[in-house]
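The values are calculated or read from the model by the stated rules, or taken from the named source; none is laboratory data. What you see is a predicted model, and the numbers here were worked out from it, not measured in a lab. Cβ placement follows ideal geometry from the backbone for every residue including glycine, while neighbour counts extend to all protein chains displayed. The protein model used for the area step is the full one, side chains on, heavy atoms only, and it has no ligands, DNA or RNA in it. Shrake-Rupley method; radii C 1.70, N 1.55, O 1.52, S 1.80 Å.
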Amino acid sequence: MGAYKRIMLAVDLTEETNRVAQRAVALAKAFDTDLHVIHVIEPLSLAYGGDIPMDLSSVQEQIHEQAKSHLAEFASALQIPEDHQHLIFGRPEAEIHRVAEELDADLIVVGSHGRHGLALLLGSTANGVLHGAKTDVLAVRVGSDVTVSD
Ligand code: AMP
């Protein structure tokens, strides 16, 4: 127990991401903690299964390239080095848990909701991360009613 040693920030790269990141960066500074960032790309085949009768691999490749540059840009603005940036394919909750364990992170930071969440409700990814977690989870509240005063 005591101070956190390694924080993992999970980002969906939506416009809420910066607010969630500000909290994670502030905590990492306060505890003098190692800060990692993860973004999980959901394979299109998982989302759409066999519903779309076409080859999605070039679309998937574009999504990957875009996420890669978006994550790199975001992380370098926060001075998070490349070896602390994790771009992973899979199901967000499962991969967030797996990588947190692999990194031996002791705090996972998520937004209370992102793309899938309704304002004021805990989003489904945030909920899923909280549930199976073996570490502390901080859900940073984001939403239209929240004012950030710093
Ligand atoms: P949601 O539950 O999907 O509304 O998202 C809530 C929070 O879960 C976001 O603010 C992120 O912290 C995290 N999250 C959602 N999707 C992803 C993803 N694909 N990769 C990493 N973190 C995610």
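Is it fair to say His36 is open to solvent by less than 50 Å² (accessible area, probe 1.4 Å), within 13 Å of the chain's Cα centre (by Cα) and touching a residue at least 40 places away in the same chain (Cβ under 8 Å)?
Working: open to solvent by less than 50 Å² (accessible area, probe 1.4 Å): yes; within 13 Å of the chain's Cα centre (by Cα): yes; touching a residue at least 40 places away in the same chain (Cβ under 8 Å): yes.
Judged against the criteria, His36 is a match.
Wholly within segment 1-96, which helices (runs of 4 or more DSSP H) include no fewer than the required count, namely at least 1 residues that are under 21 Å from Val109 (Cβ atoms) and within 16 Å of the ligand (Cβ to nearest atom)?
17-31, 57-77
What about Ser124, is it free of Cβ contacts under 8 Å to residues at least 12 places away in the same chain and closer than 27 Å to Gly143 by Cβ?
yes
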